[in-house]
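Got a structure for you, written out below as structure tokens; questions coming shortly.
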Amino acid sequence: MAGDLQRAAWLGVKQQMRNLGLPFTKDDIVQVKEAYKWIIHPQLSEELGVPADGKSLFEVSVVFAHPETDEECHFLATACPDCFKPAKNKQSVFTRMAVIKALEKIKEEDFLKHFPCPPSSPKNLCDALEIECNNGAVFVAGRYNKYSRNLPQTPWIIDGERKLESSVEELISEHLMAEFKADSFNFSSSGREDVDVRTLGNGRPFAMELVNPRRIHFTAEEMKRLQQAINDSSDKIQVRDLQLVTREAIGRMKEGEEEKTKTYSALIWTDKAIQREDIAFLDDIKELKLDQKTPLRVLHRRPLAVRCRLIHTMKSEYIDEHHFRLHLKTQAGTYIKEFVHGDFGRTKPNIGSLLNRTADILELDVESVDVDWPPTLAD
Amino acid sequence: MAAGPGGAERYFTRWYKPDVKGRPCEDFCVLQHSNRRVAGGCRLDIQLLGVNQPVPDVESPSIPYLPLLQPIRASGAFLGLQSQRQEQNLTTDYTKTGRASGSWVEARICVITLAEAHPLLQSGKTIKNINYQISANCSRLQNKVSGKSKRGAQFLTELAPLCRISSSDGEEYTIYSCIRGRLIEVNENILSNPALLQEKPSTEGYIAVVLPKFEESKSITQGLLTQKEYEEVLMKRRSSAS
């Protein structure tokens with residue numbers, strides 16, 4: 001095993017360097033793994049007639065079997081039995097961590113007796129058991145608008161039965177999966193909205209990881225056509241700025257989820273009548289601090305906590321004695337519905353407490369998600 | 001009986017427990033939320049559109065276009081939750097289509113409130129004191145929960161006292177849990193403002209929030225009456241009074 005070889009090499013070199021009187025640290029030693037790559041890459045390259053790239057997206061994995069090497073593990077097990085305890089979920093007791101621990105415990109002399117440096121040549125060749133080809137995942141990002149109040153972000157299935165038709169994820173992935181010919185996908189986005197909430201404005205950033213895609217090269221034109229195909233296929237969602245991105249870029253999207261502001265438009269009902277003057281003062285409130293306990297509607301699956309959130313600005317639009325529209329710009333992670341109806345007084349202050357009435361939210365739209373990623377594409 | 005659409009209320013089913021401990025008219029109303037936590041596989045959060053339960057009475061406000069805001073957030077199958085780790089004590093059976101198999105159990109948040117018929121809510125009653133210290137060793141105010149499964153919560157049985165309320169006329173009333181489960185929180189707002197309990201018993205004046213144990217979620221309502229059954233109890237009271 002590489003671990004044994006590495007340790008043997010380390011001990012061997014340590015000895016030689018001591019003899020030569022030269023200072024050095026573990027970091028000065030080349031990893032056995034690296035040395036192996038240096039040797040084998042050119043050989044493979046020549047044999048197969050292709051350049052070798054250690055960071056290629058195309059991966060060929062070959063599984064070898066070599067009984068002789070397996071015996072090395074058993075030596076470790078007998079020399080250091082308490083390092084190798086069987087546990088469920090582990091295929092083999094010889095995990096990387098366990099081996100590292102054992103190697104550190106064994107005394108140098110004992111170790112070198114079994115693993116001299118340089119090691120002896122193996123008596124048998126190894127057998128290739130399995131060969132598998134895999135393409136590294138590619139990432140497609142964009143922004144989506146959701147125009148339906150009856151569409152979940154991810155599929156809604158209970159007991160094998162679908163409760164609501166389709167989902168944002170499926171509407172987008174359908175076309176991407178077909179074009180990229182991937183095995184599967186992982187959908188993620190910068191936050192998400194409820195089933196009954198529309199996403200307007202520039203839309204919400206999302207990223208789709210396509211796993212083991214068979215096709216990975218797409219021109220900007222082709223991406224535009226793909227975007228159009230998605231948009232033509234459904235009026236419930238629309239996507240924009242569809243583009244290929246790197247894995248690292250996804251981090252920016254997730255950042256946005258926690259740090260960036262969002263703006264909303266809420267249709268609010270009040271029990272007691274209101275006049276224009278009664279709601280005008282909302283426009284003047286800036287940086288309103290809220291204390292929101294974990295909403296009752298998610299308390300079954302989230303820890304109980306109080307979160308402080310800011311409503312940066314508000315703008316009201318009077319409709320009639322019992323209705324008005326409120327535009328809000330808030331900190332990421334603010335529960336808007338709870339700010340309106342108060343959630344049994346567990347979000348304070350709330351629209352009800354500010355207006356001294358009972359308020360309810362009838363409609364909610366996301367007007368903007370203020371994350372400037374992915375880059376906007378020219379039309 | 002039905003309150004107006006006061007926000008969160010529309011997503012609750014009302015259950016009743018009348019004449020608790022034989023004390024006449026000491027009725028409680030348990031609000032059971034429609035959102036349920038489902039376990040038995042991947043960590044799916046399934047939200048039901050209240051399909052199997054009576055739709056709560058909602059008086060629509062006078063606006064032409066109006067919604068029945070569906071209970072929010074459908075974070076359904078695996079695809080949306082891939083980044084989250086799985087529950088440790090549940091067996092996983094993560095099939096490719098993301099549907100978990102195995103037995104489904106569920107937990108639905110419940111809010112304990114006084115029913116309108118309760119003596120404390122009748123006119124003329126003034127609340128003198130609300131005490132969450134129910135015994136020498138137990139104060140509901142010291143309840144601390146942590147994590148998603150609300151570890152450390154005080155466990156309640158149906159007749160576990162939540163608090164004792166005394167009125168200015170010398171009467172004392174014990175408020176009971178009515179359901180089995182973990183105590184999530186008691187309403188501290190009524191401590192600082194007891195009038196809230198009387199003004200808005202079904203919303204801001206709630207007594208406590210309880211989360212039934214997974215396995216027991218379906219049975220907790222067995223000891224309680226539906227809205228219809230409770231209304232019959234009320235009718236009987238009225239007719240026997242006259």
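The values are calculated or read from the model by the stated rules, or taken from the named source; none is laboratory data. Because the structure is predicted, anything quoted here is derived from the model rather than measured. No Cβ is skipped: glycine too gets one built from the backbone with ideal geometry, and neighbour counts run over all protein chains shown.
For the range A:312-321, give me the residue count where each residue is of a type outside the set (D, E) and surrounded by fewer than 17 Cβ atoms within 10 Å (Cβ to Cβ).
4
I'm trying to understand the selection: among the residues of the range A:290-349, which are part of a loop (DSSP other than H, G, I, E, B) and over 24 Å from B:S34 (Cα atoms)?
Matches in the range A:290-349: A:E321, A:H322, A:Q331, A:A332, A:P349.
Could you identify the single residue in A:R309, A:R346, A:R297 that is over 30 Å from A:T246 (Cα atoms) and surrounded by fewer than 21 Cβ atoms within 10 Å (Cβ to Cβ)?
Of the residues listed, the single one that is over 30 Å from A:T246 (Cα atoms) and surrounded by fewer than 21 Cβ atoms within 10 Å (Cβ to Cβ) is A:R309.
Among residues belonging to the range A:160-189 that are touching a residue at least 40 places away in the same chain (Cβ under 8 Å) and either among the acidic types (D, E) or closer than 21 Å to A:R149 by Cβ (or both), point out the one that is surrounded by the fewest Cβ atoms within 10 Å (Cβ to Cβ).
A:E174
Moving on. Could you tell me whether the range B:181-196 includes any residue that is more than 14 Å from chain A (Cβ to nearest Cβ) and of a type outside the set (D, E)?
No, there is no match, as no residue in the range B:181-196 is more than 14 Å from chain A (Cβ to nearest Cβ) and of a type outside the set (D, E).
Could you tell me whether the range A:118-134 includes any residue that is at pLDDT below 85, assigned to a loop (DSSP other than H, G, I, E, B) and in contact with a strand residue (DSSP E or B) (Cβ under 9 Å, 6 or more places away or on another chain)?
The answer is yes, given that some residue of the range A:118-134 is at pLDDT below 85, assigned to a loop (DSSP other than H, G, I, E, B) and in contact with a strand residue (DSSP E or B) (Cβ under 9 Å, 6 or more places away or on another chain).
Has the range B:156-178 got at least one residue that is buried (at least 19 other Cβ atoms within 10 Å of the Cβ) and within 14 Å of chain A (Cβ to nearest Cβ)?
no
Select from the range A:269-289 the residues that are assigned to a loop (DSSP other than H, G, I, E, B) and within 12 Å of chain B (Cβ to nearest Cβ) and write down the one among them that is nearest to B:Y11 (Cα to Cα).
The extreme case among them is A:D271.
Examine the range A:81-93 for a residue that is at pLDDT below 70, assigned to a helix (DSSP H, G or I) and surrounded by 13 or more Cβ atoms within 10 Å (Cβ to Cβ), and state whether such a residue exists.
Yes, the range A:81-93 contains at least one residue that is at pLDDT below 70, assigned to a helix (DSSP H, G or I) and surrounded by 13 or more Cβ atoms within 10 Å (Cβ to Cβ).
Run A:D360 past the list (1) modelled with pLDDT of 95 or more; (2) acidic (D, E); (3) over 21 Å from A:R204 (Cβ atoms) and report the number of the one that doesn't hold.
Answer for A:D360: the failing condition is (1).
Answer with yes or no whether A:Q6 is exposed (fewer than 13 other Cβ atoms within 10 Å of the Cβ) and at pLDDT below 80.
no
Which residues, taken from the range A:216-244, are within 21 Å of the chain's Cα centre (by Cα), under 25 Å from A:P152 (Cβ atoms) and of a type in the set (V, I, T)?
Passing the criteria: only A:V239.
Taking the conditions exactly as written (touching a strand residue (DSSP E or B) at 6+ places or on another chain (Cβ under 8 Å), surrounded by 20 or more Cβ atoms within 10 Å (Cβ to Cβ) and within 18 Å of A:I351 (Cα to Cα)), does A:I274 satisfy them or not?
Answer is yes for this residue.
So that you can scan it fast, the table gives a plain yes or no per residue for (1) away from every other protein chain (no Cβ under 12 Å); (2) under 26 Å from A:T376 (Cβ atoms); (3) touching a Cys at 6+ places or on another chain (Cβ under 6 Å):
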| residue | (1), (2), (3) |
| --- | --- |
| A:L151 | no, yes, no |
| A:I157 | no, no, no |
| A:L171 | yes, yes, no |
| A:F180 | yes, yes, no |
| A:N186 | no, yes, no |
| A:S189 | no, yes, no |
| A:T219 | yes, yes, no |
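Hey, A:R309 hits all of (1) under 22 Å from A:T358 (Cα atoms); (2) within 9 Å of another protein chain (Cβ to nearest Cβ); (3) under 29 Å from the mean Cα position of the chain (by Cα) but one; which does it fall short on?
If we test A:R309 against (1) under 22 Å from A:T358 (Cα atoms); (2) within 9 Å of another protein chain (Cβ to nearest Cβ); (3) under 29 Å from the mean Cα position of the chain (by Cα), just (2) comes out false.
Counting only residues that are among the acidic types (D, E) and more than 9 Å from every other protein chain (Cβ to nearest Cβ), how many does the range A:330-379 have?
Residues meeting the conditions: 5.
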